[in-house]
1. Over the chain, with the other protein chains present, what is the accessible area per residue in square angstrom, probe 1.4 angstrom?
2. Between helix 9-21 and the chain, what is the angle of the helix's C-alpha long axis to the longest principal axis, kept within 0 to 90° and rounded to the nearest 10?
3. For the chain, what does the helix formula give at 222 nm: sum of -39500 (n - 2.57) over DSSP H segments with n ≥ 4, over the residue count, nearest 500 deg cm²/dmol?
4. Only loop residues by DSSP count here, and only those with at most 12 other Cβ atoms within 10 Å; note down the chymotrypsin sites (Phe, Trp or Tyr not before Pro) in the chain that meet that.
5. How many percent of the accessible area of the chain is carbon or sulfur, using a 1.4 Å probe?
6. Sequence neighbours fewer than 8 away in the same chain don't count; with that in mind, list the aspartates and glutamates whose C-alpha is under 18 Å from K71.
7. Normalise the Cα radius of gyration of the chain by 2.2 N^0.38 Å (N = residues in it) and let me know the number.
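The values are calculated or read from the model by the stated rules, or taken from the named source; none is laboratory data. Just so we're clear, the structure is a prediction, and the values are computed from it rather than from any experiment. Virtual Cβ from ideal backbone geometry, glycine too; neighbours counted across all protein chains shown. Heavy atoms of the whole protein, side chains included, go into the accessibility calculation; ligands, DNA and RNA do not. Shrake-Rupley method; radii C 1.70, N 1.55, O 1.52, S 1.80 Å.
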Amino acid sequence: MSLKLNIRPEIDEEMESLISAFSIRSKTEYINQAIDNYNQQLKRELELKKLTKYFKAYLPEAQSVMHEFSKIKSH
């Protein structure tokens, strides 16, 4: 089953130029890749949000350790 899309002409033209530049066979494949890339980006952003709380707590400790290392003189 195919979808009927109402794509603005300027976007359609851009898609045509990108399809040939990236060896993509069809607009459907281009759209699927764009959606996949968007989903990967969204997943990464969600993972980074989870880690933000950890790094906020970790940062002061890491800075303290780095400060201690900076006091050590090499011989």
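1. That works out to 98 Å² per residue.
2. 70
3. Roughly -28000 deg cm²/dmol at 222 nm, from the helical runs in the chain.
4. F22
5. Heavy-atom surface of the chain belonging to carbon and sulfur, 1.4 Å probe: 57 percent.
6. Reachable aspartates and glutamates: E61.
7. Details: Rg = 23.5 Å, N = 75, 2.2 N^0.38 = 11.3 Å.
Taking N as the residue count of the chain, the ratio is 2.07.
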